[in-house]
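This report concerns only the one structure given below.
Bear in mind that the values in this text are calculations on the coordinates, not laboratory data. Keep in mind the model is a prediction, meaning the values are calculated, not measured. Cβ sites come from the backbone with ideal geometry, for glycine too, and all protein chains shown count toward neighbours.
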Amino acid sequence: MISKNQHVTKRADGKWQVKGEGARRASFVTTTQSEAIKRGRVISANQQSELVVHRPDGRIRAKDSHGHDPFPPRG
C-alpha cells in the first residue's frame, strides 16, 4: 500500500477537512482546525505518511512526518 500524504485544509463551507493526497473525498470533516489536525495525525501515523497543515488561505503552515526518515538527516 502506498502511503498518501494527509492534508488539513479549510473547505468552502468554512469547515476543516483531512484529505488524502489525490483523493476525491475527505477522510474526516470537522468545524475546528485543531480537531482536524488531531485526526490527521492519527491517520498519517497509521499510514506512515506526512501530515501537511494548511492555513485558511491555503498556504502551508506546518509539516509533520510519520514515515521512515533517515537518522541522522543528511546535510
Inset, instruction - Enumerate the pairs (first residue in region 25-53 and in a strand (DSSP E or B); second residue anywhere and crowded, with 18+ Cβ neighbours inside 10 Å and among the small types (Gly, Ala, Ser)) with beta-carbon separation below 6 Å, excluding pairs fewer than 6 apart on the same chain, so at least 6 apart or on different chains. - result: Thr30/Ala36; Leu51/Gly40; Leu51/Ser44
Legend entry - Scope region 3-24; condition out of contact with any Phe, Trp or Tyr (no Cβ under 8 Å at 6 or more places or on another chain) and outside any loop (DSSP other than H, G, I, E, B); matching residues: Gln6, His7, Trp16, Lys19, Gly20
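Being surrounded by fewer than 17 Cβ atoms within 10 Å (Cβ to Cβ), under 11 Å from the mean Cα position of the chain (by Cα) and within 12 Å of Val53 (Cβ to Cβ) is the filter here; which residues of region 1-41 pass it? Spell out the reasoning first.
From region 1-41, those surrounded by fewer than 17 Cβ atoms within 10 Å (Cβ to Cβ) are 1-3, 10-15, 21-25, 27, 29, 31-32, 34-35, 38; that's our starting set.
Cutting the leftovers down to under 11 Å from the mean Cα position of the chain (by Cα) gives us 21, 27, 38.
Of everything in region 1-41, just one residue is surrounded by fewer than 17 Cβ atoms within 10 Å (Cβ to Cβ), under 11 Å from the mean Cα position of the chain (by Cα) and within 12 Å of Val53 (Cβ to Cβ), namely Lys38.
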Inset, instruction - Quickly run through region 42-58 and pick out the residues that are of a type in the set (D, E, K, R) and either closer than 18 Å to Ala12 by Cβ or exposed (fewer than 13 other Cβ atoms within 10 Å of the Cβ) (or both). - result: Arg55, Asp57
